[in-house]
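**Student:** Can you read through this structure? Questions will come right after.
The values are calculated or read from the model by the stated rules, or taken from the named source; none is laboratory data. Please read these numbers as outputs of a predicted model, since none were measured by experiment. Here the Cβ positions follow ideal geometry from the backbone for every residue, glycine too, while neighbour counts run over all protein chains shown. Please note that ligands, DNA and RNA were not included when accessible areas were found on the heavy atoms of the full protein model with its side chains. Shrake-Rupley method; radii C 1.70, N 1.55, O 1.52, S 1.80 Å.
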Amino acid sequence: MALQELYTKYNRVWIPDAEQVWKSAEILQDFTPGDRALHLQLEDGTVLQYPVEGPGQLPPLRNPDILVGENDLTALSYLHEPAVLHNLRVRFVDSRIIYTYCGIILVAVNPYKQLPIYGDAVIHAYSGQNMGDLDPHIFAVAEEAYKQMARNNRNQSIIVSGESGAGKTVSARYAMRYFAMVSKSSSNKRVEDKVLASNPITEAIGNAKTTRNDNSSRFGKYTEISFDRRYQIIGANMRTYLLEKSRVVFQSENERNYHIFYQMCACAEEPEFKSLRLLSADKFNYTCMGGDTEIQGVDDRADMAETRRTFNLLGLKEDFQADVFKMLAAILHLGNVVIKAVGSDQSSISSSGSHLAVFCDLLGVRQENMSRWLCHRRIVLASETVVKPQPRERAINARDALAKHLYAYLFDCVIHKINQSLRVPGKQHSFIGVLDIYGFETFDVNSFEQFCINYANEKLQQQFNLHVFKLEQEEYMKEDIPWTLIDFYDNQPVIDLIEAKMGILDLLDEECLFPQGTDMNWLQKLYNYLGSKPLFEKPRLSSEAFVIQHFADKVEYQCKGFLEKNRDNLYEELVSVMRASKFPLLADFYNEEENNSVIKGVKVKAARSGVKPANKQLRTTVGDKFRSSLYLLMDTLNATTPHYVRCIKPNEEKLPFEYDSKRVVQQLRACGVLETVHISAQSYPSRWTYIEFYSRYSILMSQAELRAGEKKQICRTVLQRLIPDSNQYKFGRTKIFFRAGQVAYLEKLRLDRLRTACITIQKHVRGWRQRQRYLSMRQAAIIIQQYVRGKRQIRRTLTAAALKQAWAAVVIQRHCRGYLIRRIYLLLQVATITIQAYTRGWMARKRYKKMVEEHKALVLQKYARAWLVRRRFQTMRRLVLNVQLSYRVQQLRKKIEEQNKENRGLVERLTSLASAHAQGLDRAQALEMELSKAVSEKASVEEREKKRKEDTDQHSIELQKEDLEKEILILKEENRRLREEKVQLQTQVEEDTQVNKELQEQFSQLTKHVKVNWINFFFTIDSQVMETQLREQREGYESQVEALVFKNDHLTRENQQLQALFQEKNDVNRSIGQEVARLNAENMVLSSFLIYDTLYSCIYSICQKHLSKLIYRSFTVFLENIFLGKEKEELERRLEEFEEEMEQIKRLQQAESEAKNKFRQETSRLTAENMDFEEQLDMKDRTIKRLQDQIKALQAPVKGNLSASIIPKEYLGMLEYKKVDEDRLVRTLIRELKPRGVVVNMIPGLAANLLFMCVRHADYLNDGNKLKSLMHAIITSIKQVITDHQENFEMLSFWLSNTYYLLNCLKQYSGEEEFMKHNTERQNKNCLQNFDLSEHRQILSDLAIRIYHQFINIMEDTLFPMIVPAMLEHESLQGISSMKPTGFRKRSNSLLEDGRSEGEAYSISSVLQLMNAFHSSMAQHGVEPQLQGQAIRQLFYLIAATTLNSILLRKDLCSCRKGMQIRCNISYLEEWLREKGLQGCSVMETLGPLSQAAWLLQVNKTTDEDAAEIQQRCHELSPVQIVKILNSYTPIDDFEKRVAPSFVRKVQALLQEREGSNQLMMDAQYRFQVTFPFCPSTQALELLQVPSSLHLGFLTRI
């Protein structure tokens, strides 16, 4: 479609304006070819006739509002200067957005205000994003450069240019900060910090205040940031260009010298600067020329502290810093040296000033030499050398030249030191260069510096044009679009005018060779040689200037000072004075040769050289050096991939967000932005993908076209119908290319179609409403008419007969109707009763049937529950009997061992007593002989006493009686003691009898239990093969049990015999008592009685303690015979009986011991066999489980009964292992354990429980070394597993769960009261007894936190790429398109070719599926529900933060429809939480800011009430975020309106009092603090079995 056809009614155009450059107007009448004027109406309502002389004179069309505010200027349908200017104004003033793309250029408008868009969170948001995915930003350009360097292995450059005060230095600083953040080095040298620290130093010595900028860079800087193969920063290097040395000695009004001078003067009173003898800045000539020496809002003293801090950070020594400050102070003092005129051609140094002495003292030069050669010059002639005095003007020039050279050299020295500090060992793999260079400059008076600056910008513009042209060609070739030559401005003629042979620089260098050369002579040569050039002009009103037509504008240069600045002379005499200096810095400089640069050894040389040698032929000019350095820079840029940043200064007053269209358009013309627009407009500037075109313009398609099939073919068909001229568009492989204006035409068609549809809808709605109103009115009129006509008819026909007839008719009707109604009622009543009867019968039968079923179910439940209870009781009874059996067997073993020991002692004592018995017999015989002797002696004594009776005194008889009475008392006492011992023996016999009975009962119970146990065992297995085998074993064991019972009966009989013997013992004791009583009365022979009584007592005590019952009885009889004095034969007979009884006792004891030994052996054998059978039962149990799948139907109930009933023995919940198997244990349970095993999944925390059971055994053994070694092996192995599987979600989930279970086990069984509250009695018994593992608990807790964070990182890395496509880009609400096609043209190599296809786009369903996978995996591995909630909460926070950050950084997402999509997706997430039961974990709270942002996009934003509601509802959004969303709100259609700036200001005013963070972005890296709740386990460790699939046969259950 021709462009003229678009000048129709309602369209808008731009017309020139003196104040606003361009202003908008609306067309009131369609334009037709041949019209002389265009009828327009301005925005203020003024109507005018815009003259049109021809078709080419039509004013430029204005883009539709839907395209205004685009991120990329080249996406505009109409590409021209007013469109670019207006788009920038809308973004900068209305939306407060300072960055805009223009093709490959990033246009940055200086806001003159600190904005919260440079935080670390913003850097992380742009990191890894493709250029164009987010809003334009300096970080996006930096990320694009970094990504292309890593992807294409090609060096990159970022070229930052602009006027002074446009923000070039800040932009370059942010770019380097971005590289330092995203490519942090792993070393401890912190190279990235040093790279950033170099900025304050270079700004202090290279920046100054100008009339346009308070911190203007007065030199060009190219910083190469070096990267290694891992693309981490390893160093940096700086090159400098064209330092403005003249500023050292001269500043214009309202300007300042370099910052470093004022910083030093502000710190003059500090001790470190006392020796420099500094004054205030207004007392030095070099710092007070511009007037005001201070900058508002700048603290020079604080800046000096920052400068010194960065000096130290870069590793520059204190000595070097002191030398730098000395040199700077010397320059200040040199400027105060007063040179007075002596006549007209001589000069001298004033003797009143002390500044020259301070200068010489600081730099170590002789004052007299300095004073002389400042005012004189040595001229070498052919035959002599003449010293010629200099006039005052030349002396001052020499002084200033020395100051400029000193500062330039110092500047190079500092840069050289910085480069040395930034250079680290390691090979550079690639680099990114950041060029911070001056933009095009034009002032009222332009000199040599402006000429060089504009020359450099011409070279950069040429390189830029070629690069843009190359990218356009690559884009066309990639899309298979036929390439046509584009006509664009080529500034090669201007460059040739400057640098070609006999060009401006060549003629300038030639004139500098002549000693008497002047600026006017050089200017005349320019007129003569270049006057015919079309780009060179001679000004009409000046004869000391020339004009060059640059690409940006015409610039008039004043020739005064060109030669002097180009020569940059320094007298040789002053060089010699400096060479003799004792100052090390100066000595090193002036002793170097010309060919050696100051930065010798640095990879890339600086653009500046040192001081020229005296030989004029070898001397190079400033212009020649600048041209050489510029060539080197262009070679570097051509060898890299360039990225462009153009900084714009919006106003001269430095007011925040004020837009001066005149100043902006000047800079746009100068920086190449409009040239990019021109190149784009010459071809196909608007480029949309087929999907975007189909989504946007499907409204223009017919139903037949929509059913055509493939979307790509549909787009072709529709475009061929809508735009017949095929030259206005081209079809590429993935995009459609439109010429300028065609998208606007399509938008017009779309708007017309929508307007037509709206009108049609309005027409039908209004018609329907009118019809409804008409029909209601017509119906009301008809009803009124009916009533009126009825009344009239009644009045006409109303008579008496008619009334009677009417009344009769009414009566008849009443009765008739009553009869009919009653009849119908009766019929309905009968039917209802019938239905109710059948229904009630059916319900009763149904209720009865249900009651019968419930009764039967209750009976079944009763028997089933009884059976279950009986089975549970039998199981518990068998368990109790087993426990009792084990305990009693152990007690029997102990008693049998004690009885054996006692028997062995008795045998030994019996042997000793037998020997004692033999000795007693001998003694008895001896006593018998003595007794016979005593009898004879007694008879003799009696005879003698009879004879002596008469002679015996009565007194002696009384004494003897007393003695006998005493002996009788002793015997009575002994008798009493014997009775007491008798009582003790009786009690002991009773106790022995009781013990024997208990042994018999235990033995009988053991026998019965063995029978019952095995009978129960054999009836638990139903398998026929096993039943036969077990039946045979049962018969064998029953026979053995019967044998044992027989033996037990035999032992019982023997015990009865022993009890009879005990009874005999009691009878003997009673006879002993009688005999003792009788012996007490025997006192015939006192001496013999005493002897035998002593013997009797000894033998009696021995027998009572050691001998058995028969021995004791025999000895008693023997003693009785002795004491009674019976015959020897009776004594011998008794002795023979005693020996026989002794033999019988020995045989009985031997038989008893044999029986006990056999009983003990049988008991141990039965116990061992019982344990063997239990192990066999375990093996059979495992066999039955393995065969479960094969015999399910037959064996299912058997397995249930077996598993429920057979608990062969009690376990202690411990696993025993050998020390040598420790590595095998941790390897099997940790390092080689797979989380997808069946056994592992069935029992969550199985590995943790098994490991803890091993820990318990080590604690049970009180083996500290073993326990410590095991815990160390467990922790080390878990760390190794999570290190080896850092990206394995399943493995980390599994070990997070097991580590948590192990930590809980260590707490639950630690023995601490706070962890034992919920334990069972059995669990409390299983607590650790010997060691405190609190330190290991802390280590495990730290390890669990580490696993959790690693686990979260994996989930976030998997989820992160899905968030923005699913939450923001996918259309979850079908039929509501919330995306506006932007037509943004991304760079050809900014995206990977293997991107996701359309079918692989993520949706909210993809996110929910992934969340389901995460949740199911955690649940399967037994992760604690609270831990699951914390993990899901962290993921939801990531979703909210990432989505909200994307909204804040993407203007195209801020729309009402997008808010609807977001709220729909949030509802899906909330529904998922309710489904998983996680709504109580504070998860939805993390989505609060996102929900409020979605609400903010949907709510009305016009009135004061709306502002108050926003202030009240959006309490979780910061004021910065609310304002950003309001400013970024973008309508999708023309029917929506943008948010008015006045409304935004109202909201800002309401939010001023709110306290909170001023951060724009949410911190997506934030982590909630994880807590591991203590949840006691109900798992009984003693019931836990080791699965055979784990191959842990070396473990033994205790």
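**Student:** Quick test for you: out of Lys317, Lys326, Lys283, pick the one residue that is basic (Lys, Arg) and farther than 27 Å from Lys209 by Cβ.
**Tutor:** Values: Lys326 fails: farther than 27 Å from Lys209 by Cβ; Lys283 fails: farther than 27 Å from Lys209 by Cβ.
Of the residues listed, the single one that is basic (Lys, Arg) and farther than 27 Å from Lys209 by Cβ is Lys317.
**Student:** Which one of these is over 27 Å from Cys102 (Cα atoms), of a type in the set (Gly, Ala, Ser) and out of contact with any strand residue (DSSP E or B) (no Cβ under 8 Å at 6 or more places or on another chain): Ser726, Ser698?
**Tutor:** Numbers: Ser726 fails: over 27 Å from Cys102 (Cα atoms).
Of the residues listed, the single one that is over 27 Å from Cys102 (Cα atoms), of a type in the set (Gly, Ala, Ser) and out of contact with any strand residue (DSSP E or B) (no Cβ under 8 Å at 6 or more places or on another chain) is Ser698.
**Student:** I'd like the full set of residues that are open to solvent by 30 Å² or more (accessible area, probe 1.4 Å) and not basic (Lys, Arg), limited to the stretch 382-407.
**Tutor:** If the condition is that a residue be open to solvent by 30 Å² or more (accessible area, probe 1.4 Å) and not basic (Lys, Arg), then Ala382, Ser383, Glu384, Thr385, Val386, Val387, Pro389, Pro391, Glu393, Ile396, Asn397 are the ones that fit.
**Student:** Within the stretch 675-705, track down each residue that is among the small types (Gly, Ala, Ser), touching a residue at least 40 places away in the same chain (Cβ under 8 Å) and more than 17 Å from Ala740 (Cα to Cα).
**Tutor:** Within the stretch 675-705, just Ser695 meets the criteria.
**Student:** Same structure, new question: Looking at Ala108, is it at pLDDT 85 or above and within 18 Å of Val677 (Cβ to Cβ)?
**Tutor:** So Ala108 passes the test.
**Student:** Another question, then. Would you be able to say whether some residue in the stretch 654-665 is in a helix (DSSP H, G or I), of a type in the set (Lys, Arg) and over 30 Å from Thr210 (Cβ atoms)? Steps first, answer last, please.
**Tutor:** Initial filter on the stretch 654-665 (in a helix (DSSP H, G or I)): 661-665.
Right, trim to of a type in the set (Lys, Arg) and you get 662-663.
With the extra rule that they be over 30 Å from Thr210 (Cβ atoms), the set shrinks to none.
Scanning the stretch 654-665 turns up no residue that is in a helix (DSSP H, G or I), of a type in the set (Lys, Arg) and over 30 Å from Thr210 (Cβ atoms).
**Student:** For the stretch 57-154, please list each of the helices (runs of 4 or more DSSP H) lying entirely inside it that holds at least 1 residues being more than 30 Å from Lys748 (Cα to Cα).
**Tutor:** The qualifying helices (runs of 4 or more DSSP H) are 120-126, 138-152.
**Student:** May I ask you to list the residues in the stretch 77-91 that are closer than 20 Å to Leu1453 by Cβ and of a type outside the set (Val, Ile, Thr)? Give the derivation first.
**Tutor:** Restricting attention to the stretch 77-91, the residues satisfying the condition of being closer than 20 Å to Leu1453 by Cβ are 87, 90-91.
Once the filter is applied, which keeps residues that are closer than 20 Å to Leu1453 by Cβ and of a type outside the set (Val, Ile, Thr), the stretch 77-91 yields Asn87, Arg91.
**Student:** Could you list, in sequence order, all residues of the stretch 706-747 that are without any contact (Cβ under 8 Å) to a residue 40 or more places away in the chain and among the hydroxyl-bearing types (Ser, Thr, Tyr)?
**Tutor:** Passing the criteria: Thr717, Ser726.
**Student:** For His86, all conditions in the list (1) touching a helix residue (DSSP H, G or I) at 6+ places or on another chain (Cβ under 7 Å); (2) modelled with pLDDT of 90 or more hold save one; what is the number of the exception?
**Tutor:** Tallying (1) touching a helix residue (DSSP H, G or I) at 6+ places or on another chain (Cβ under 7 Å); (2) modelled with pLDDT of 90 or more, His86 fails exactly one: (1).
**Student:** Looking only at residues in the stretch 93-129 that are of a type in the set (Phe, Trp, Tyr) and in contact with a helix residue (DSSP H, G or I) (Cβ under 9 Å, 6 or more places away or on another chain), which one is nearest to Ala142 (Cα to Cα)?
**Tutor:** Filtering the stretch 93-129 for residues that are of a type in the set (Phe, Trp, Tyr) and in contact with a helix residue (DSSP H, G or I) (Cβ under 9 Å, 6 or more places away or on another chain), the one nearest to Ala142 (Cα to Cα) comes out as Tyr126.
Residue-by-condition table, conditions (1) of a type in the set (Asp, Glu); (2) closer than 24 Å to Lys417 by Cβ; (3) buried (at least 22 other Cβ atoms within 10 Å of the Cβ); (4) out of contact with any Ser or Thr (no Cβ under 6 Å at 6 or more places or on another chain):
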residue: Lys113; (1), (2), (3), (4): no, no, no, yes
residue: His124; (1), (2), (3), (4): no, no, no, yes
residue: Gly132; (1), (2), (3), (4): no, no, no, yes
residue: Asp135; (1), (2), (3), (4): yes, no, yes, yes
residue: Asn153; (1), (2), (3), (4): no, no, no, yes
residue: Phe179; (1), (2), (3), (4): no, yes, yes, yes
residue: Leu196; (1), (2), (3), (4): no, yes, no, yes
residue: Asn199; (1), (2), (3), (4): no, yes, no, yes
residue: Ala204; (1), (2), (3), (4): no, yes, yes, no
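**Student:** Quick check on Val547: is it surrounded by 15 or more Cβ atoms within 10 Å (Cβ to Cβ), on the phi < 0 side of the Ramachandran plot and either in a loop (DSSP other than H, G, I, E, B) or within 60 Å of the chain's Cα centre (by Cα) (or both)? Break it down stepwise before answering.
**Tutor:** Values: surrounded by 15 or more Cβ atoms within 10 Å (Cβ to Cβ): yes; on the phi < 0 side of the Ramachandran plot: yes; either in a loop (DSSP other than H, G, I, E, B) or within 60 Å of the chain's Cα centre (by Cα) (or both): no.
In short, no.
**Student:** How many residues are touching a Gly at 6+ places or on another chain (Cβ under 7 Å) and farther than 20 Å from Gln1430 by Cα when one looks only at the stretch 1460-1494?
**Tutor:** 1
**Student:** OK, next. Given the residues Gln462, Gln428, which is the only one that is under 26 Å from Thr621 (Cα atoms) and in contact (Cβ under 8 Å) with a residue 12 or more places away in the chain? Please lay out each step first, then the result.
**Tutor:** Details: Gln428 fails: under 26 Å from Thr621 (Cα atoms).
Sole residue among the options that is under 26 Å from Thr621 (Cα atoms) and in contact (Cβ under 8 Å) with a residue 12 or more places away in the chain: Gln462.
**Student:** Can you pull out the residues in the stretch 1549-1581 that are within 23 Å of Leu1233 (Cβ to Cβ) and touching a Leu at 6+ places or on another chain (Cβ under 7 Å)?
**Tutor:** Hit for the stretch 1549-1581 is Phe1572, nothing else.
**Student:** Exactly one condition in (1) surrounded by 11 or more Cβ atoms within 10 Å (Cβ to Cβ); (2) β-branched (Val, Ile, Thr); (3) modelled with pLDDT of 85 or more is false for Val907; which is it?
**Tutor:** (3)
**Student:** Turning to a different aspect of this structure: In the stretch 196-236, how many are under 40 Å from the mean Cα position of the chain (by Cα), part of a strand (DSSP E or B) and over 20 Å from Ala150 (Cα atoms)?
**Tutor:** Of the residues in the stretch 196-236, 2 are under 40 Å from the mean Cα position of the chain (by Cα), part of a strand (DSSP E or B) and over 20 Å from Ala150 (Cα atoms).
**Student:** Another question about this same structure. Scanning for something farther than 30 Å from Ser1416 by Cα, out of contact with any His (no Cβ under 9 Å at 6 or more places or on another chain) and outside any loop (DSSP other than H, G, I, E, B), does the stretch 1475-1493 turn up at least one residue?
**Tutor:** The answer is yes; a qualifying residue exists.
**Student:** Could you check the stretch 519-561 and list, in sequence order, the residues that are of a type in the set (D, E, K, R) and over 12 Å from Leu497 (Cβ atoms)?
**Tutor:** Step one: filter the stretch 519-561 for residues of a type in the set (D, E, K, R), giving 519, 525, 533, 537-538, 540, 544, 553-554, 556, 560.
Correct list: Asp519, Lys525, Lys538, Arg540, Glu544, Asp553, Lys554, Glu556, Lys560.
**Student:** For the stretch 1558-1585: of the residues being open to solvent by 30 Å² or more (accessible area, probe 1.4 Å) and β-branched (Val, Ile, Thr), which is farthest from Arg1227 (Cα to Cα)?
**Tutor:** That would be Thr1571.
**Student:** Among residues belonging to the stretch 282-298 that are in contact with a helix residue (DSSP H, G or I) (Cβ under 8 Å, 6 or more places away or on another chain) and outside any helix (DSSP H, G or I), point out the one that is most open to solvent (accessible area, probe 1.4 Å).
**Tutor:** Glu294
**Student:** Identify, by number, the condition in (1) crowded, with 18+ Cβ neighbours inside 10 Å; (2) part of a helix (DSSP H, G or I) that Ala1549 doesn't meet.
**Tutor:** Exception for Ala1549: condition (1).
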